[in-house]
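This report concerns only the one structure given below.
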Amino acid sequence: MAPTVCSGLDRVEAEAQGRDLRGPCPAPSRPDPQLGPASPFAPAGLINGPCATRAQSGSAAAQLAWALPRSRLSALLTVGPPPMEEEQTYLELYLDQCAAQDDLTPPGSPLLSPVVPNDGYIPNTSNSETVFNSHLQEVKGASGHFSSVDLSFLPDELTQESKDQSVIRSKQDIEENCKTQSQQSRLSLPREQDMGLGLISDSTLSKSHSQAYPGDADSVQPSPEKPNSTPLMSITPMTPVTPVSECSGIVPQLQNIVSTVNLACKLDLKKIALHAKNAEYNPKRFAAVIMRIREPRTTALIFSSGKMVCTGAKSEEQSRLAARKYARVVQKLGFPARFLDFKIQNMVGSCDVRFPIRLEGLVLTHQQFSSYEPELFPGLIYRMVKPRIVLLIFVSGKVVLTGAKERSEIYEAFENIYPILKGFKKA
Amino acid sequence: MPGGGHCPDCGSTELVEDSHYSQSQLVCSDCGCVVTEGVLTTTFSDEGNLREVTYSRSTGENDQVSRSQQRGLRRVRDLCRVLQLPSTFEDTAVAYYQQAYRHSGIRAARLQKKEVLVGCCVLITCRQHNWPLTMGTVCALLYADLDVFSGTYMQIVKLLGLDVPSLCLADLVKTYCSSFRLFQASPSVPAKYVEDKEKMLSRTLQLVELADETWLVTGRHPLPVITAATFLAWQSLQPSHRLTCSLARFCKLANVDLPYPASSRLQELLSVLLRMAERLAWLQVLKLDKRSVVKHIGDLLQHRHTLVRKAFRDGTAEMEAGEKELRGRCQGPEQGKEEVASSSLNLPEGKRPASPTPLLPPCMLKPPKRICPPPPVSTVTGDENISDSEIEQYLRTPQEIKDFEKAQAARQAARSVSNPP
């Protein structure tokens, strides 16, 4: 019995690693519509419950993820394509870098100075990075020969040259992440370990980088409150971002993460409820086992089909760890549980702007986005289009942001709403 | 008909009764001449009941409309008539209902939802014409639950992509105040309690504006604020006789339901008035409390703009002043404080009422119920090793399983005993 369990565990771990390496699947595995942004009238739980929810398609965020790399790539197309053989020099350069770990600004690479100012917040690149990274693993195995890279996900109009550009640009993104010295990087660890690809020292690429970024200039923001972040003063952004005085200086705190995972085996819920101490199962009320663990403090709904929903975590990593623990519990109970398709479905954050807000004024000026019905709910429901986030704004200045699939969406949404709210500061 | 009549053209007696586009005609079968024609409008066949059928019944328009939709449209019209809305509102509401019915989600909805949809369409129409109709009224008329109503309302606004303006507070004040039965003496209303409608309306409006300015209305249901304002207006117009009357009694006299939050709104409004009274020169000497301030509401409302400015500081300015004060305290304990206080008050040294309170919504003035500590920085990577012992703490031992099963069986047995089959 023991050997099979061990191998099963190894398999789960490998799968957990493997799945994570590929990043969130851009494929249209449509999220359960119930797991969209929660009903506005149940802000406390903010997990979709059986209360009156409105099914919202979660695919818009996926659409955004696709839209962004395309727009970036079109910006890159204006720059001439660098030749193929430069990648070898990149590899050498990178190995030199790794030898001198602490060197933040090596000679001949002006690109290293405009590192992303925030350790955890990379403006909209995280989507494109995961997309690129999923295919870059094969690159590593195929000894850096780019023609074997499966870039079929890219739109048809892109030629071979642009494929190179896109791959090289993603390398530069990875290199930036490597250099931020962040322990709390939002990227998962295996991705960082695979930085076997070269650095870019080409000035044309740096130009393309700056061209690609102006659209995100307003979304780049420092987070001086993060304890592990590199201090803002040491990083000088090359691209013209909004001056520090315009940034809010407030960072929304994540309050809840909802994620799903597929255990890929049929489960006997009665057996689970009998053998597990932390499980409750009432088939007449709800057709799933409700299991709770203490560390991280989360709750999981485990269905007989093998699908599982994990809620209550305060960060993406905690949600993943919790989901793995639940999978381990199910495994220990004798089921051949695996850990497939872990995906974060919803993230909820909150913050306080510390001044009162005239909600009646806000609904007048932003009528197409806002819904304020004091007879029904004391807060104003603001549906932001880009990024697709729902904000609950209250008169006390507290703001709740929900509906995000990525942490960066929450930060970007708050930076978008802060100037609007400041406009309504005075009576 | 065979008996009687010949054709005027050919003279044959073969006349046939035929109908041409549902108009009955008497036609000669030989030459085709039309002898007589029926009436174009349909009538009830019985001659004693010769009257026209309405257009909507004679055309086939209702044949294509499902019965439940017809029922819904009838309910919309009935609701508009009950609320005595203008006829244009009725047409708009009917159009919205038809528009909603085109969506499959609405067609397949439960009857309860379709019933509530009727109220939603009427409410949207009223809002767009600035007719002050509250959701509470509509729900009461439809015997509907506010939760169901709110869900359907939000859904239909999104589905139809409608722009629904906010409830107009001034109009709501007028209609709500007019519903108070205090403008004529009656057996239940003593003479001293009767009040002039215009005076009460204008004073209530001023009080509601004051509440709006001082953050008592934002985020709250509008009706309790108006109830409290009406009560204060009524009391202040003849305080000597009316101070003894409580809010609950007032609503009972006026034949109006007392909304639950109205008493707390009343207290908030009174505290605002007290703060303003502290700034009025001839009221400072009187030590006013929440009951005696009612007598001076007239004066306070007359000078309300300046008083609000003087009594309250903008929230952020107050916080900055407070910070400066703290810094001043560190350096020179007395000077900073005096400077702040005297510059803002412009009063002689002898009298120094409390420094201006910040103009903030009540939820920001109350101390926080519990202070949320910032979450500890976690260095979880998501890929750590999970120890077996940690997982095993969640699993039952075989002995525990047996005990649990025994306990469950015993509970089942007890249940079946208590409910004999």
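Computed from the coordinates by the stated procedures, all read-outs in this text should not be read as laboratory data. The structure presented is a predicted model; accordingly, all values stated were derived computationally and were not measured. We place every Cβ from the backbone using ideal geometry, glycine too, and count neighbours over all the protein chains shown.
For the reader, a short list of remarks on this structure follows.
- Estimated translational D of the range A:283-351 in µm²/s (Stokes, Kirkwood radius over Cα pairs; 20 °C; 1.002 mPa s): 168
- Share of pairwise Cα separations in the range B:65-166, more than 19 Å, in percent: 33
- Long-range amide H partners of A:Gly397 with built H, under 5 Å: A:Ile357
- Dipole of the range B:65-166, positive direction: furthest Cα of B:Met154, B:Met135, B:Ala109, with charges on the beta-carbon: B:Ala109
- Computing FRET efficiency as 1/(1 + (r/R0)^6) for B:Ser68 and B:Glu278, where r is the C-beta to C-beta distance and R0 is 41 Å, gives about 0.10.
- In the range B:103-257, inverting the average of 1/r over every pair of distinct C-alpha atoms gives 17.4 Å as the Kirkwood radius.
- By other beta-carbon atoms within 10 Å, ranking A:Phe303, A:Phe414, A:Phe335 with the fewest at the front produces A:Phe303, A:Phe335, A:Phe414.
- Relative contact order (%) - the range A:353-426, alpha-carbon pairs under 8 angstrom, separation at least six: 31
- Under the Karplus curve 6.51 cos²θ - 1.76 cosθ + 1.60, θ = phi - 60°, whole-Hz ³J(HN,Hα) for the range B:137-149, x wherever Gly or Pro sits: 4, 4, 5, 5, 5, 8, 6, 10, 7, 5, 5, 4, 4
- Shape metrics for the range B:168-307, restricted to C-alpha atoms - Rg then Dmax, Å: 14.2, 43
- Cβ-to-Cβ counts within 10 Å put B:Cys33, B:Cys372 in ascending order as B:Cys372, B:Cys33, the fewest first.
- For the range A:353-426, the Cβ-based charge dipole about the Cα centre amounts to some 240 debye (Lys, Arg positive; Asp, Glu negative; other atoms uncharged).
- For the listed residue pairs A:Lys266/A:Lys405; A:Lys405/B:Lys113; A:Lys277/B:Lys369; A:Lys343/B:Lys158; B:Lys174/B:Lys252; A:Lys425/B:Lys290, the alpha carbons are over 23 angstrom apart in A:Lys266/A:Lys405; A:Lys405/B:Lys113; A:Lys277/B:Lys369; A:Lys343/B:Lys158; A:Lys425/B:Lys290.
- Karplus-derived 3J(HN,Hα) values for the range A:340-349, using 6.51 cos²θ - 1.76 cosθ + 1.60 with θ = phi - 60°, are 9, 6, 5, 9, 7, 9, 8, 10, 10, x Hz; glycine and proline are entered as x.
- Here r is the Cβ-Cβ distance between B:Ser202 and B:Glu61 and R0 is 56 Å; the resulting FRET efficiency, rounded to 0.05, is 0.70.
- Across every pair of non-identical alpha carbons in the range A:353-426, the mean reciprocal distance, once inverted, gives a Kirkwood radius of 12.2 Å.
- Rounded to whole Hz, the Karplus (6.51, -1.76, 1.60) HN-Hα couplings of the range A:373-390, x for glycine and proline: 10, x, 5, 9, 8, x, x, 9, 9, 10, 9, 7, 7, 10, x, 7, 10, 9
- Approximate spin-label separation A:Val385-B:Leu162, in nm, with each point projected 7 Å along Cα-to-Cβ: 2.3
- Proxy reagent accessibility, fewest Cβ within 10 Å first, across B:Lys366, A:Lys343: B:Lys366, A:Lys343
- Here r is the Cβ-Cβ distance between B:Leu237 and B:His129 and R0 is 25 Å; the resulting FRET efficiency, rounded to 0.05, is 0.20.
- In the range B:229-284, inverting the average of 1/r over every pair of distinct C-alpha atoms gives 12.4 Å as the Kirkwood radius.
- Span per principal axis, largest first, for the Cα atoms of the range B:151-237 (Å): 53, 30, 18
- One Cα centroid belongs to the range B:74-114, the other to the range A:344-358; the line between them spans 37 Å.
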